[in-house]
Structures are given as structure tokens and as C-alpha cells.
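Written below as C-alpha cells is the structure these notes are about.
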Amino acid sequence: MDLHAVRAFVAVVDAGRFQGAAADLGITQQAVSKRVAVLESDLGVRLLHRTPRGARPTIDGQVFLPYARDLLRVEERAAASVRPGSRALRVDVIGRRLAPADLLRGFHRAHPDVALDMVTLFDADAAIAAVRSGTIDATFRAVTVPASRLPDGIEAVRVHDEPIHLLTGPEHALAGARAVTPEQLAGHRIWMPGLVAGTEWAAYYDDFAAAFGLSIEATGPEFGTEPLLDTIAESPGIATLVGEWTHVVRPAGDDLRRIPVRDPMPVYPHSLILHADNPHPALGRLRDHLAAAHPGDRVGATWTPAWAR
């Protein structure tokens, strides 16, 4: 059903005349008459009595009128749901226990008036494609390619460098350390079954291992976070690496140890990826908040892969 024709019918009923409806809609009287005629033809009934004095709805027109108004209200709500500034800002955070989710929660605390829709997409290429198509407004990712190789119109803004921690059980040889250096990790078994070839986090940890002579295992099935933490908590010889802001939820009594890695401090480079032409007003507020709250530079020596520098 042509909503332009529906709108023309409602405008004629409200104005009482085709000429008045034309003025209200900003089109010609002939165009109004044509649209109403098309609607009547589609429905197979006459909706308006046309007289020298104007127009009034027929019995069928009176029955159809409240439904016509409902159609126009639904159209307006549908348009408002995606209109920049009216719809929620849609942002991909990869995972709800990871740093990007905390970054977005911090923005929400600072700007509670901004409606947010937080989604989790696994694949970086899919996330960037979603930004490009407008399916989402932004995504948090580590960008493993030069800016010149990003799709046209796509921008990446470095927003947060997250320190990496070693996670061990209480019987591990490094469990009592207040901090460790990357070199001290050499020779220890580090297990990260969540590393998936081709992902940005796999690229990061591959480069980290190569830079400091580490061995990071990604073998075995990936059953999720809880089974991995069970293994770490019970093992005297297996550890894993996590981001400083990664939420590790464990039952009371599980004595996992978080140990900062320093000298140099490996940092994971989170960037906000967005489309330069995206008009959503909250997107600029998100960028400004991240720039003010989470500067990329850190005091002391840090390490990050060459592609992130």
C-alpha cells in the first residue's frame, strides 16, 4: 500500500477539500487527486464523496480512516527508530567481559541520556563491514593493518592501551610474584585455547610470543572461560594471559592470581572503528569521552606489535 496515497486521503479528510490537502502536503491538487484515486483503485472501494463544496469520507472511507491514521503513525515510529539522534547508538564490543564493554559502560555512566545498543560480533572483517553498511555505528578492535588499507570512509581511533596480566593458580611457580617481565615467562607453559587463527587477538599474541621467545599454546578444544579457569586454578604448571580489564568471575575460595607483566609492559591496542560519514550525534560524544578518559599513552616502557605503532 502506497503510504503517500494514504497520507493524501487523510489530508483530504482533515482539510475537507482537495485544495487544502494540497497546501498541507506541499504538492499540487492534481497530485492529491491522483494519489487518492490510486488508493481507491487498490482497495476496490470509493473512499471520498467529491462535491463542489469539497470532499467527505464515504462509509468505506470512515471505516478505513482510523486504520489509515494508524499506518501513518507506525510509519513515523519506524522512521524515528533509525533516525540519527532518535535511535540507540549501536556499538560492537567483541565480548561483554572484555575491556571494550567497560569502556562503553563508562560512557553510559557519563552520558546516561544516550541510548545504547551493545552487540558482540566475533569477526573483525564482519564488524568493519557492519560499520561500513551502517548496521552498527562503531566497533572496538585492534587494527592489524595500516589505516591506508581500511575500506574507504572507515576511520580507526586508538582509544585505550590495556595492560596484559599473567593469570595463575596458587601452586604455580610464579604465583607469588608481584610482577613479572615478559622474559620471565619464557619456559613456562601458557595456554590460550581461545586464540583463533586470523583474529586480531591471535595476531597480537603471536607477535608477543615471537618478540620475547615465549611459547603460547592454543591447542585443544575451546570450552569457554570457566573450564579454562578451572584448569589454571588447579594446575601448578599452566598459566594464561588476560587483559587488565577482563572480568574473571570465580566461585569464592578459588585462589587465582593476577600478576602484572612489566618492563616492558605489553599493552593491547584497542581502537574505535567508525564511518567518517556517520551522522549519529552520540558518536562524536563517544569519541570525545574516550579521548578524555582513556588516553593511549602510558608512563614507562610499553610493548605493542609493530602493526599497532
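The values are calculated or read from the model by the stated rules, or taken from the named source; none is laboratory data. Here the structure is a predicted model, which means the values were calculated and not measured. Note: ideal-geometry Cβ built from the backbone for every residue, glycine included; neighbour counts use all protein chains shown.
Summary table
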item: Some residue of region 208-218 being closer than 27 Å to residue 126 by Cα and at pLDDT below 90; result: yes
item: Every residue from region 150-178 that is assigned to a loop (DSSP other than H, G, I, E, B) and not assigned by TED's automatic domain parsing to the domain that holds residue 228; result: 150, 151, 152, 153
item: Of the criteria (1) farther than 30 Å from residue 141 by Cα; (2) not basic (Lys, Arg); (3) not in a helix (DSSP H, G or I), which one residue 32 fails; result: (3)
item: So residue 294, is it at pLDDT below 95 and in contact with a Lys or Arg (Cβ under 9 Å, 6 or more places away or on another chain); result: no
item: Qualifying positions in region 224-255 - surrounded by 17 or more Cβ atoms within 10 Å (Cβ to Cβ), farther than 30 Å from residue 131 by Cα and out of contact with any Phe, Trp or Tyr (no Cβ under 7 Å at 6 or more places or on another chain); result: 228, 229, 232, 233, 239
item: From the options 231, 135, 219, residue that is within 30 Å of residue 292 (Cβ to Cβ), of a type in the set (Ser, Thr, Tyr), touching a residue at least 12 places away in the same chain (Cβ under 8 Å) and outside any strand (DSSP E or B); result: 135
item: When residues of region 79-95 are limited to those that are of a type outside the set (Ser, Thr, Tyr) and part of a helix (DSSP H, G or I), the one modelled with the highest pLDDT; result: 79
item: Verdict on residue 25 being surrounded by 15 or more Cβ atoms within 10 Å (Cβ to Cβ), among the aliphatic types (A, V, I, L, M) and over 18 Å from residue 73 (Cα atoms); result: no
item: Lone qualifier among 182, 260, 163, 193 - being surrounded by fewer than 19 Cβ atoms within 10 Å (Cβ to Cβ) and farther than 27 Å from residue 92 by Cα; result: 260
item: Any hit, region 251-268, residues being under 30 Å from residue 113 (Cβ atoms) and part of a strand (DSSP E or B); result: no
item: Residue in region 169-205 that is farthest from the chain's Cα centre (by Cα), counting only those that are among the polar types (S, T, N, Q) and modelled with pLDDT of 95 or more; result: 184
item: Whichever residue in region 127-149 is at pLDDT below 90 and of a type in the set (A, V, I, L, M) and, among such residues, is surrounded by the most Cβ atoms within 10 Å (Cβ to Cβ); result: 145
item: Test: residue in region 57-78 that is modelled with pLDDT under 95 and at positive phi; result: no
